[in-house]
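Notes to accompany the following structure.
Each reported figure results from applying straightforward, stated rules to the coordinates on display, with no laboratory input. Model, not experiment: these values are computed from the prediction. Cβ placement follows ideal geometry from the backbone for every residue including glycine, while neighbour counts extend to all protein chains displayed.
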Amino acid sequence: MDNIDLKILHQLQTDARASIAEIAAQIGLSEPACYRRVRELRKSGVIEKEMAIIKPKNMGWPLSMMLLVELERDHSTIVNAFLSRINKQPEIIDSWFVTGDYDLVLQVIAADMEAFDQFTQQVLHKDNSVKNFKTLVVMRHSKAHGPIPPDKK
């Protein structure tokens with residue numbers, strides 16, 4: 001990747017709906033050259049996915065929680081089986097396998113506290129691989145999906 005690719009990526013992260021013509025004009029590149037570079041960035045996996053980002057509360061999911069989950073054992077088969085189960089849960093919109101006191105961080109959405117309680121009963125309390133979990137209720141989402149900086153400082 002060169003400086004032009006980094007500029008293209010910055011433009012796409014800022015506004016993925018921008019046309020190739022708009023991106024090319026912003027960075028001073030011809031449209032065909034810009035299109036080839038974007039296509040290569042997609043093909044190489046640098047651009048992993050393009051999707052609409054929707055506020056959960058606009059879809060009837062006003063509550064958002066971060067769950068810190070500790071598993072009974074830190075064994076790959078236990079972790080992989082747990083990840084396979086939770087990835088099927090529509091309430092879990094993001095998850096991270098992490099180091100430290102907890103094994104996973106889950107971002108969970110719910111329609112209300114009753115629905116969240118039902119989720120924890122069905123998904124976490126009934127799972128023997130879950131040792132414990134901590135819930136952090138999101139008060140305000142202060143920064144979402146910020147662009148990856150073009151340079152490593």
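Just need the relative contact order of the stretch 3-43 here, percent rounded to a whole number, with Cα pairs under 8 Å and 6+ apart. Working shown, then result.
Values: 20 pairs, mean separation 16.1, N = 41.
In percent, rounded to a whole number, it is 39.
Please give the length that would be gained between ASN58 and LYS131 if that part of the chain were fully extended, namely 0.36 nm times their separation in residues minus their C-alpha to C-alpha distance (nm, one decimal). Mind dumping the intermediate values first?
Numbers: separation 73, 0.36 × 73 = 26.28 nm, distance 3.35 nm.
Full-extension gain reported as 22.9 nm.
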For this session: Select from LYS134, LYS49, LYS126 the residue whose mean-square fluctuation is largest in a Gaussian network model of the chain (Cα-Cα springs shorter than 10 Å).
Result: LYS49
For this session: Quote to one decimal, in nm, the extra length available between ARG85 and GLU70 on full extension: 0.36 nm per residue of separation minus the C-alpha distance between them.
Result: 3.9 nm
For this session: Step through the residues of the stretch 71-83 one at a time and calculate ³J(HN,Hα) from phi using the Karplus curve (6.51 cos²θ - 1.76 cosθ + 1.60, θ = phi - 60°), rounding each to whole Hz and writing x for Gly and Pro.
Result: 8, 4, 9, 9, 10, 4, 5, 5, 4, 5, 5, 5, 4
Exercise. Given the stretch 43-141 reduced to its alpha-carbon atoms as identical point scatterers, what log10 I(q)/I(0) does the Debye formula return at q = 0.11, 0.23, 0.24 Å⁻¹?
Worked result: -0.37, -1.25, -1.32
Exercise. Which whole-Hz couplings ³J(HN,Hα) result when phi for each residue of the stretch 11-21 is put into the Karplus expression 6.51 cos²θ - 1.76 cosθ + 1.60, θ = phi - 60°, listed in order with x for Gly and Pro?
Worked result: 4, 5, 5, 6, 8, 5, 8, 4, 6, 4, 4
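Which pairs break 29 Å Cα to Cα here: LYS49/LYS88; LYS88/LYS143; LYS7/LYS88? Don't skip to the end; give the middle numbers.
Details: LYS49/LYS88 19 Å; LYS88/LYS143 26 Å; LYS7/LYS88 36 Å.
Beyond 29 Å between Cα atoms: LYS7/LYS88.
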For this session: Treating cross-link reach as a plain straight distance, find the aspartates and glutamates whose alpha-carbon is under 19 Å from the alpha-carbon of LYS131, omitting any fewer than eight places away in the same chain.
Result: GLU70, GLU72, ASP74, ASP101, ASP103, ASP117
For this session: Determine, from the Cβ-Cβ distance of THR77 and GLU40 and an R0 of 41 Å, the FRET efficiency 1/(1 + (r/R0)^6), rounded to the nearest 0.05.
Result: 0.60
Problem set entry | Of SER129, VAL105, SER142, farthest towards positive along the dipole that unit charges on Lys, Arg, Asp, Glu beta carbons give the chain | SER142
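Would you calculate the volume per residue, in Å³, of the smallest convex hull containing every Cα atom of the stretch 3-43? Spell out each step's value before the answer.
Working: hull volume 2.4 nm³, N = 41.
For the stretch 3-43, the hull spanned by Cα atoms encloses 58 Å³ per residue.
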Seminar exercise, completed: Extension length gain for ASN3 and ASP151 (0.36 nm per residue less Cα distance), in nm, is 52.3 nm
